[in-house]
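A short worksheet on the structure shown next.
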Amino acid sequence: MPAYNAVRTLEKTLSEVPRDVVDEIVLVDDASQDDTAGLARSLGIEHVIQHDRNRGYGGNQKTCYRKALELDADIVVMLHPDYQYSPRLIPAMVELVASGLFPVVLGSRILGGGAIRGGMPVYKYVANRVLTAFQNLCTGAKLSEYHTGYRAFSAQVLRAIDLDANSDDFVFDNEMLAQVLGQGYRIGEVTCPAHYFGEASSIDFRRSITYGVGVLRVSCRFLGQRLGLISRAPAG
């Protein structure tokens, strides 16, 4: 769980995590301004790490994945503690990885058509669809979206890609998927209803523009690699 100011939603998120499937929980508090770390410890989360300064969304995930691999995890699920994504999908996502069908599984808000009903702002939905269409053209994949924060990975994949080469900001998610696809790993998707409300984390319009530009850059670099114009893997 990459966490930032999650006091109001952490307990509800944790209450729906299926502990018969999840062996251990890692929460990384990215220098929150509230007592996210203290609440996490009081709720019995096994591994709570606090950054001494805010390292950004990507920087937070890097710490999460490093710790999970240190714990010898076989499958790692990244779930935001803001209750935007339902923890009840964890068993389905984990089973797809454990079965060997897909080493990476995304929880897609677009599959099933419930994104707008779940409260996704219209401008974000439109941007999601446009960027995803462009990314599919560049990568040759056929994903319904690249921008979900709900993901499951086999440990093999996490060890095979260079996480540290990626940004510490929000575009980290897309750089990571570019690395996954660049190494030939298959990505599966499951329908994931999402909930947008006051306490759920979200980036503002200005940062959304910065993120969109970063996504275009990553996609173009991937296309350059596919065409043999760029030899280095798309990252960073």
* Structure fact -> Residue span Arg88 to Val21: 0.36 nm per residue of separation minus Cα-Cα distance leaves a gain in nm of 23.1 nm
* Lys12 paired with Glu46, simple spin-label distance in nm, labels 7 Å along Cα-to-beta-carbon -> 2.7
* Structure fact -> Here the range 147-164 yields Karplus 3J(HN,Hα) values (6.51, -1.76, 1.60; θ = phi - 60°; whole Hz; Gly and Pro given as x) of 10, 6, x, 10, 9, 10, 10, 6, 4, 4, 5, 4, 6, 7, 9, 8, 5, 5
* Per DSSP H run of n ≥ 4, the term is -39500 (n - 2.57); total these for the chain, divide by its residue number, and report the mean residue ellipticity at 222 nm rounded to 500 deg cm²/dmol. => -12500 deg cm²/dmol
* **Two-site label geometry, Arg186 and Gln156: point separation in nm, points 7 Å out along Cα→Cβ** => 1.2
* Efficiency of FRET between Asp34 and Leu71 - r from beta-carbon atoms, R0 41 angstrom, step 0.05 -> 0.95
* Considering only the other residues whose Cβ falls under 15 Å of the Cβ of Val97, what net charge follows from Lys and Arg at +1 and Asp and Glu at -1? -> -1
* To do: Rank by packing, highest mean first: peptides 151-158, 17-24, with packing defined as the count of other Cβ atoms within 10 Å averaged across residues.
  => 151-158, 17-24
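No value in this document is a laboratory result; all are computed from the given coordinates. Note that the structure is predicted; figures quoted are calculated from it, not measured. FYI the Cβ positions are ideal-geometry reconstructions off the backbone, even for glycines, and counts take in every protein chain you see.
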